[in-house]
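Single-structure report; data block below.
Any read-out appearing in this document is the output of simple, stated calculations on the displayed coordinates, not a laboratory observation. Predicted model, so just to flag it, every value in this text is computed and none were measured. Cβ atoms come from the backbone with ideal geometry, glycine included; neighbour counts cover every protein chain shown.
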Amino acid sequence: MHRSDFPILAREVYGKPLVYLDNAATTQKPRAVVDAIAAEYYNTNANVHRGVHFLSQQATELHEAARERVRRFIHAAETAEIVFTRGTTESLNLVAYSYGEAFLKSGDEVILSVMEHHSNIVPWQMLRERKGIVLRVIPMDDDGNLDLEAYERLFSPRTRLVCVAHVSNVLGTVNPIARLCAIAHSHGAHFLADGAQSVPHFAVDVQALGVDFLTFSGHKMYGPTGIGVLYGRRELLEKMPPYQGGGEMIKRVSFEKTTYEDLPYKFEAGTPDYVGSNALAAAIDYIEGIRRDVISAHERELLHYATEQMLQIPGLHIYGRAAEKDAVISFNIEGIHHLDLGTLLDRLGIAIRTGHHCAQPLMDRCGTEGMARASFALYNTREEVDTFVEALQRVRRMF
Ligand code: PLP
């Protein structure tokens, strides 16, 4: 589907056609996105928000139009709730730091899940070091479903915030965010969904889900690297202090006292990645041009097809068998180290990811040091799945 929009997919690796199955790490970029980057540098480049001159105003308009584009994409109530960051990791660090300053005291509790990416663990541990907060962890069953009864039991009068991945980057589990969020709210806690692996794949509506925060990265959704989003409800963002200081985020500076800009600029110190924001808007246009339900149906079809084929391979174990699962398959083959598997597939032109996938606590839970992972995007095909599965069989025969 739409493969010719992605020039890189036509290249060869070691003389073999590239089969790119590392999309959960980052997706390839369509011409529309690369063209948007080039066009801005060629035609419109100027620093935003500061200039009275024509180019600066045009660049500012593009940057703010991108914010509105993102708002509509995730159905936020207003653009003041859309903060541009470097990506999911920075968005999560921003919340940990700033929400932590505003709302958390020693002994307050934050709930995470066992399947979180390190980006949604380490910032909270750093906050624990600074403030003495307590972290609680939602367990899961062997299929990769979060244990909702155990989740309910984790709440106490000190629970302030719950932070859970919408989709696990390892297991592919689509967590029941609306339900988890409603439970958090019924206990008076706020809720953050890490949307790094959901926003690229299906429609995410922050108001329908009810979340207080949502984080995601441009580069995982056909957009450029270095730009991401933090959505936060105005009421909370208003109460949270700035995360970094500098230009753009101030109203008035004197050596005695500085006043801060309104939302969302309070959280955007320094020259923003205005080329990235505009290219992210191009990526969103691209996705919506194809339609998210069409992309999602295609990827789910590949997921089921690949799962069926892979389960025919003796000794192959798939991690994550949740009923609600997105386009990620993590696996190991008995007797073959995942790194060897990845290296041999690479020689056949097939790019997959191997290792701990930035989720070591989850690796511990699954009783393994690492896994191989194939992950799908809109441009992958059944023929690529066939090539991949044949390669797995070939590697298995070699061992
Ligand atoms: N959260 C999840 C679920 C992820 O899959 C990733 C990236 O793999 C991240 C957070 C971090 O995203 P980034 O590296 O773009 O900041």
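Label point of SER4 set 7 angstrom out along Cα-Cβ; within the stretch 377-398, amide nitrogens under 20 Å from it belong to 378-384. Restricting the calculation to Cα atoms, every distinct pair contributes to the Kirkwood radius of the stretch 82-213, found to be 14.8 Å.
Amide H contacts under 5 Å for GLY228: THR85, ARG86, GLY87, GLY218, restricted to partners 5 or more places along the chain or on a different chain, H placed in the peptide plane at 1.01 Å from N. Global dimensions of the stretch 228-302 from alpha-carbon coordinates: Rg and Dmax equal 18.0, 61 Å.
Each residue, GLN57 and ASN43, gets one label point 7 Å from its Cα in the Cβ direction; the gap between the two is 1.8 nm. Connecting C-alpha atoms closer than 10 Å in a GNM of the chain, tell me which of SER156, SER98, SER296 has the biggest fluctuation. Top of the fluctuation ranking is SER156. If R0 is taken as 35 Å, the Cβ-Cβ distance between THR225 and ALA150 corresponds to a FRET efficiency of 0.40. A Förster distance of 56 Å, applied to the separation of the beta-carbon atoms of ARG158 and ALA25, puts the FRET efficiency at 0.95. The string of couplings for the stretch 2-19 from the Karplus curve (6.51, -1.76, 1.60, θ = phi - 60°) is 6, 5, 5, 6, 10, x, 5, 5, 8, 7, 10, 10, 6, x, 10, x, 5, 10 Hz, one whole number per residue in order, with x for Gly and Pro.
Computed about the Cα centre, the dipole magnitude for the stretch 331-399 is approximately 20 debye when only Lys and Arg (+1) and Asp and Glu (-1) carry charge, each at its Cβ.
Pairs exceeding a 26 Å alpha-carbon distance, out of LYS131/LYS239; LYS220/LYS325; LYS131/LYS251; LYS105/LYS239; LYS29/LYS325; LYS105/LYS266: LYS131/LYS251. Residues TYR305, TYR42, TYR151 in ascending order of nearby Cβ atoms (within 10 Å, fewest first): TYR42, TYR305, TYR151.
Once backbone amide H atoms are built at 1.01 Å from N, GLY247 has GLY270 as its partners under 5 Å, excluding neighbours fewer than 5 places away on the same chain.
Subtracting the Cα-Cα distance of GLU383 and LYS16 from 0.36 nm times their residue separation leaves 130.7 nm of extension gain. In sequence order, the stretch 351-366 has phi-based couplings of 9, 10, 9, 9, x, 8, 6, 6, 8, 5, x, 5, 4, 4, 4, 8 Hz under the Karplus curve 6.51 cos²θ - 1.76 cosθ + 1.60, θ = phi - 60°, and Gly or Pro positions carry x.
Summing charges over neighbours of ARG130, with a neighbour being any other residue whose Cβ is under 13 Å away from its Cβ, gives 0 when K and R count +1 and D and E count -1. Legend: ranking of residues LYS16, LYS105 from fewest to most surrounding C-beta atoms inside 10 Å; resulting order LYS105, LYS16. Here the stretch 168-247 yields Rg over Rh of 1.00, to two decimals, using C-alpha coordinates and the Kirkwood radius. Across the stretch 162-167, rounded Karplus estimates of 3J(HN,Hα) from the backbone phi angles (6.51 cos²θ - 1.76 cosθ + 1.60, θ = phi - 60°) give 10, 10, 9, 5, 5, 10 Hz, Gly and Pro being marked x. Each Lys and Arg adds +1 at its Cβ and each Asp and Glu adds -1 at its Cβ; summed about the Cα centre, the stretch 144-298 shows a dipole of about 280 debye.
Dipole magnitude for the chain: about 460 debye, using +1 per Lys or Arg Cβ and -1 per Asp or Glu Cβ, origin at the Cα centre. Out of ILE336, ILE177, ILE295, any idea which swings most in a Gaussian network model of the chain, alpha carbons joined below 10 Å? Of ILE336, ILE177, ILE295, the Gaussian network model singles out ILE336 as fluctuating most.
Kirkwood radius for the chain, taken over all pairs of different Cα atoms as the inverse mean of 1/r, rounds to 22.1 Å. Using a Gaussian network model of the chain in which every pair of alpha carbons under 10 angstrom is joined by a spring, one finds that among GLU152, GLU90, GLU64 the greatest mean-square fluctuation is at GLU152. Bridge orientation summary for the stretch 1-160: considering DSSP beta bridges with both residues in this region, about 35 percent are antiparallel. The share of alpha-carbon pairs in the stretch 24-114 lying farther apart than 20 Å comes to 59%. Summarising the amide proton neighbourhood of HIS49: residues at separation of 5 or more, or on other chains, whose placed amide H is nearer than 5 Å comprise THR60.
The calculated FRET efficiency for ASP364 paired with SER106, based on their beta-carbon distance and R0 = 41 Å, is about 0.90.
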